[in-house]
Each structure stands twice: as C-alpha cells, then as structure tokens.
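Note sheet for the following structure.
No lab work stands behind these numbers, since they all come straight from the coordinates. These numbers come from a predicted model, not from an experiment. Here Cβ is always computed from backbone atoms with ideal geometry, including for glycine, and neighbour counts include all displayed protein chains.
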Amino acid sequence: MARIIPNKQPLDLQNRKAIGFGFPFNANAVFRPTYTTRDQIKANLVNYLLTNHGERVFKPNWGSNLRTLIFENMDSNTLDDLQAIIQGDINNYFPDVSIKEINFKLEEDTNTINFLLTYNINNFGIEDDINIAIQ
C-alpha cells in the first residue's frame, strides 16, 4: 500500500546550520543568516522583486524591473500590467511558490507604490507575505 510522505526540506532539520542569507545587510557579521526554507524563500523573493534588469552580473534579465514603472501614469491598466509582471516572473523563476494575492496601494503625492504579496510555498503548507514600497 502506498502512502504519502510529507515533504520536509532536509536543510531545515539542523537548527544551527544557516542555509542562506537574508536582508537587510546590517547584522553583526554584515550578513543576516537564514535557518529555514521559509526565511530563505522570502529573502530570494525580496531580492528578485527589488532588482532591476542589468544589475546582476552575467544575468542581465534577472530581476522584476519594477522601478521602471514608477514614472508611468498609474491607473488600473498599469496596476494590471504590474500584477501580470509579478505573477509571471514568480511563476517562471520560483516554481515552488504560488501567489495567493497581490494588493496595491498608490500614494500619488510621493510617487510610491506599496504592495502586499501573499504567497504559499507548495508542498510545505507555508503561507507568508511580503510588503514592499517602490519609490
């Protein structure tokens, strides 16, 4: 008889062994280590969303390029485009993450877009969110 074995990241089993680094870079040793898959995926998503094309060496198309939309006329069409960019990029570069919801809040006076990205990490049953302000 077959049974389903819950999927657990083997790196999460060792509490004292870091699996990556997170943000911001202001810890005692410059890098803030991450010890769980949840924290590392969140750090990877933040890194991707805040990177523009051409900023990553040898990967000129890496990044969501969101800051280029700051000077665009913000209306419902632009927000729909922004949501499509975020959704498509995360589906392409992060196949283990599924987006649950994206909420935008425009601050036209300061030319800022705040968005809340709620996502699930597939096969782990983990839900998390990221709040990002693009100025």
Working only within the range 32-67, note down all residues that are of a type in the set (V, I, T), touching a residue at least 60 places away in the same chain (Cβ under 8 Å) and out of contact with any helix residue (DSSP H, G or I) (no Cβ under 9 Å at 6 or more places or on another chain). I41, V46
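Which residues, taken from the range 43-66, are within 24 Å of P33 (Cβ to Cβ) and outside any loop (DSSP other than H, G, I, E, B)? Spell out the reasoning first.
Kept after step one, since they are within 24 Å of P33 (Cβ to Cβ), are these residues of the range 43-66: 43-51, 55-57, 59, 62-63.
Within the range 43-66, A43, N44, L45, V46, N47, Y48, L49 qualify.
Which one of D81, D129, D109 is assigned to a loop (DSSP other than H, G, I, E, B) and without any contact (Cβ under 8 Å) to a residue 24 or more places away in the chain? So that I can check it myself, show each step before the final result.
Details: D81 fails: assigned to a loop (DSSP other than H, G, I, E, B); D129 fails: assigned to a loop (DSSP other than H, G, I, E, B).
Being assigned to a loop (DSSP other than H, G, I, E, B) and without any contact (Cβ under 8 Å) to a residue 24 or more places away in the chain holds for just one of D81, D129, D109, which is D109.
Looking only at the range 90-106, filter to residues that are assigned to a strand (DSSP E or B) and over 12 Å from the mean Cα position of the chain (by Cα); which one of those is surrounded by the fewest Cβ atoms within 10 Å (Cβ to Cβ)? Spell out the reasoning first.
Step one: of the range 90-106, the residues assigned to a strand (DSSP E or B) are 97-106.
With the extra rule that they be over 12 Å from the mean Cα position of the chain (by Cα), the set shrinks to 100-101, 103-106.
Working: K100: 12, E101: 9, N103: 12, F104: 16, K105: 11, L106: 15.
Checking each candidate, the answer is E101.
Looking only at the range 68-78, filter to residues that are free of Cβ contacts under 8 Å to residues at least 40 places away in the same chain and not polar (S, T, N, Q); which one of those is surrounded by the most Cβ atoms within 10 Å (Cβ to Cβ)?
Restricting attention to the range 68-78, the residues satisfying the condition of being free of Cβ contacts under 8 Å to residues at least 40 places away in the same chain are 68, 72-78.
Imposing the further condition that a residue be not polar (S, T, N, Q) reduces the set to 72, 74-75.
Numbers: E72: 11, M74: 18, D75: 9.
The extreme case among them is M74.
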Select from the range 85-106 the residues that are free of Cβ contacts under 8 Å to residues at least 24 places away in the same chain and among the β-branched types (V, I, T) and write down the one among them that is farthest from L66 (Cα to Cα). I99
From Q40, Q87, residue being crowded, with 16+ Cβ neighbours inside 10 Å, among the polar types (S, T, N, Q), under 13 Å from the mean Cα position of the chain (by Cα) and not in a loop (DSSP other than H, G, I, E, B): Q40
